[in-house]
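Written out below as structure tokens is the structure these notes cover.
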Amino acid sequence: GTWQFLAVRLFEKAKDGTVPIQNFIDDVESFFHVATWIALQHTSHGLTPQALKSILNNNFDASVHIDGRILATEARRSNMETGRLIQNANFNNPGISAVLEGMSLTLRERYTSRRKPEGDDKRVAKWKSDDEYRLDVLKELDDREWLEKLLRHFLDDKKLDWETEGKRKGTVIPLKHQLLGKRQNEGSVQTNDSRNKAGRGDGMSSPHEGSLQT
């Protein structure tokens, strides 16, 4: 897939040092990144051109080179974990805003980390509740029809406004903002030799394994 839209998980190594292989949940997250990019570029929102340029660079284009690998910056993971990018964009169209926020609220649970507190019973009880919620959300993502169901939910909502556009703030696509760089699709079957040549491991047994933190 296009590097700028890859799931954050694919830039992170598992505890055993292997690099994850792309799976269908990563593809769902990639759809979210593509939809967000399109909405930022082609719909009205509350960002100034300067703020938009900064977000496009930090969340999609910026990279760091570590151990011979090109990785996304911490900003991309942070935006996924907090949902801050979607919140701060203030998309004017209620339908677009609802879909992106709905996807963000679910996908962010792939990256949240809640350590068990010590001592206070109320804090421990809240931690257990939050952790149970997180696990329930991740189970929802295991459903291959989750994205379709979510989209149908919002499209069938007759009260949701899909027509309001609002005034744009003169958004301009930066000339140097080009979608360059491809990544080998590791969702396809590869031999161990080809994986070794690519400097990758055998992958992970679960779509979420390696990204969940306790």
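Numerical summary
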| quantity | calculated |
| --- | --- |
| Packing-based ranking, highest mean first, of 62-73, 39-50 given that Cβ atoms within 10 Å are counted | 39-50, 62-73 |
| Integer Hz, Karplus 6.51/-1.76/1.60 couplings in order for the stretch 97-111, x for Gly and Pro | 4, 5, 5, 5, 5, x, 5, 4, 4, 7, 5, 4, 5, 5, 10 |
| Accessible surface of ILE38 - all protein chains present, 1.4 Å probe, nearest 10 Å² | 80 Å² |
| Inter-label distance, nm, simple model (7 Å from Cα along the C-beta direction), LEU151/GLN50 | 3.7 nm |
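The values are calculated or read from the model by the stated rules, or taken from the named source; none is laboratory data. Since the model is a prediction, treat every value here as computed from it, not as a measurement. As a convention, Cβ positions derive from the backbone with ideal geometry for all residues, glycine included, and neighbour counts pool all protein chains shown. The area values use the complete protein model at the heavy-atom level, side chains included, leaving out ligands, DNA and RNA. Shrake-Rupley method; radii C 1.70, N 1.55, O 1.52, S 1.80 Å.
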